[in-house]
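Structure, as structure tokens:
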Amino acid sequence: MKHLTSLSICPHLWHSIPCHLNELRLDFVLPGGQSFRWRESSPGYWTGVLHGRVWTLTQKDDHLWYTVYPSPGKTDTELEKLTQKRPAKRKLSPVSETIKHEKDIIKQEMWGDKVSLSTDYKKDSDILKDYFQLHVSVNELYNQWGESDKNFLKVAKEFPGIRVLQQDPVECLFSFICTSNNHISRITGMIERLCTALGEKLCQLDLVDYYSFPTLQALAADDTETKLRDLGFGYRAKFVSESARAIMQKHGHDWLSTLRQVPYEEAKSALSALPGVGAKVADCVCLMALDKPEAVPVDTHVWQIAKRDYLPQLGQGNKTLTERVYREIGDHFRSLWGPYAGWAQGVLFCSDLKKFQNSGDQPKARAKKRPKE
């Protein structure tokens, strides 16, 4: 078993990307209903699975800090070769030697003799930049949305740094199939059970096992529906199993990724043909996995926001969210907010979640100076 590391105890195991808090707030984005693979492992530290590996993220000094934990796949020989590439260190003073010895004891207790989390730092940073879509400045988008929408301007003051994740299409689709008539905490538990039952174990940290998201083949297996019903998925078990089989039999393994190259409406229509995929789930996948920032998922939260603050006429005689009303809300927000309307919707969605009420304008992990190595 390994132990979670922290920036203050083992700063040499961490790397960073410049990223202002106005551009990214982990405490809003990671638990805000986009991905269900992250948990706050300690205050201000978020641990989860990304690209088949386990990461811990935190924010300090206007930087996004990250560490990646080793999986059993690395051989001892590979690790030895990697550690041999480290440059020789200067001789330390007696006091420094004592401090180093104490750090080495902590490090060995956490990771063993061969410490090598992830050595391809450029690749890791690129993965995070892509996942958080850091090429898009949400600060600039907030300014644009605030100019055209005074209501958004009021919300933005308390909810900065909310951006849309770029997720794996398979994980995104099957996670959101599980969201119907559900809430975030329960969905998170369901996805964890799904990964434990059908994924591969990656590592154990502080007695918590972390698993990869299941492959399409695993989701399409003959016994998947039965397993998921036993795990409490209810009617969603059938949708997961049937959608996976439909993709494998009719389209092929890489089909979901190819939808990134087609127009929004075409991608949404194709997804909506899958069992258990309605307009909202299709829009979530388009927005969060298929490069369609104009997609506006409309759930109960967004419907209520639209009726309360934007389209009061929608509240007259409509007890259910009809297809016509859904389309009207999406079109209104696309007209109001522009090509990144789905991102603006994400800000309003987070602002309406009870867990984020009275959140203030500072993250749980307040900015601190990086400790000296």
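Below is a table of values for the structure above.
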{"item": "For the range 59-71, Karplus couplings with θ = phi - 60° (6.51, -1.76, 1.60), whole Hz, Gly/Pro x", "result": "10, 7, 6, 6, 10, 9, 9, 8, 9, 10, 8, x, 9"}
{"item": "In sequence order, calculated HN-Hα J values of the range 329-344 (Karplus, 6.51, -1.76, 1.60; Hz; x Gly/Pro)", "result": "5, x, 5, 4, 5, 5, 5, 6, 9, x, x, 10, 4, x, 5, 5"}
{"item": "Extension gain from Thr215 to Asp331, taking 0.36 nm per residue of separation minus the Cα-Cα distance", "result": "38.3 nm"}
{"item": "Qualifying trypsin sites (Lys or Arg not before Pro) in the range 309-343, DSSP loop, other Cβ atoms within 10 Å at most 14", "result": "Lys319"}
{"item": "Calculated FRET value between Ser272 and His12, using beta carbons and R₀ = 45 Å, to 0.05", "result": "0.40"}
{"item": "Gain in span if fully extended, Lys122 to Lys2, counting 0.36 nm per residue against the direct Cα distance", "result": "40.7 nm"}
{"item": "Evaluated over the range 217-291, the Cα radius of gyration and Dmax, each in Å", "result": "12.8, 38"}
{"item": "Rounded FRET efficiency, nearest 0.05, which uses the C-beta distance separating Asp223 from Glu323 and R0 of 35 Å", "result": "0.50"}
{"item": "Amide proton proximity set for Gln133, modelled H, under 5 Å, gap of 5+", "result": "Gln166"}
{"item": "Extended-chain gain in nm, criterion 0.36 nm per residue less alpha-carbon gap, Gln304 and Arg260", "result": "12.8 nm"}
{"item": "Rounded to whole Hz, the Karplus (6.51, -1.76, 1.60) HN-Hα couplings of the range 154-168, x for glycine and proline", "result": "5, 5, 4, 4, 9, 9, x, x, 8, 9, 8, 6, 9, 9, 5"}
{"item": "Trypsin sites (Lys or Arg not before Pro) within the range 140-235: DSSP coil, no more than 16 neighbouring Cβ in 10 Å", "result": "Lys157"}
{"item": "Residues listed by number, the range 24-51, amide nitrogen under 16 Å from Asp130 label point at 7 Å toward C-beta", "result": "50-51"}
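Bear in mind these aren't lab numbers, they're just calculated from the coordinates by the rules spelled out. Since the model is a prediction, treat every value here as computed from it, not as a measurement. Please note: Cβ atoms are built from the backbone with ideal geometry, for glycine as well, and neighbour counts cover all protein chains shown.
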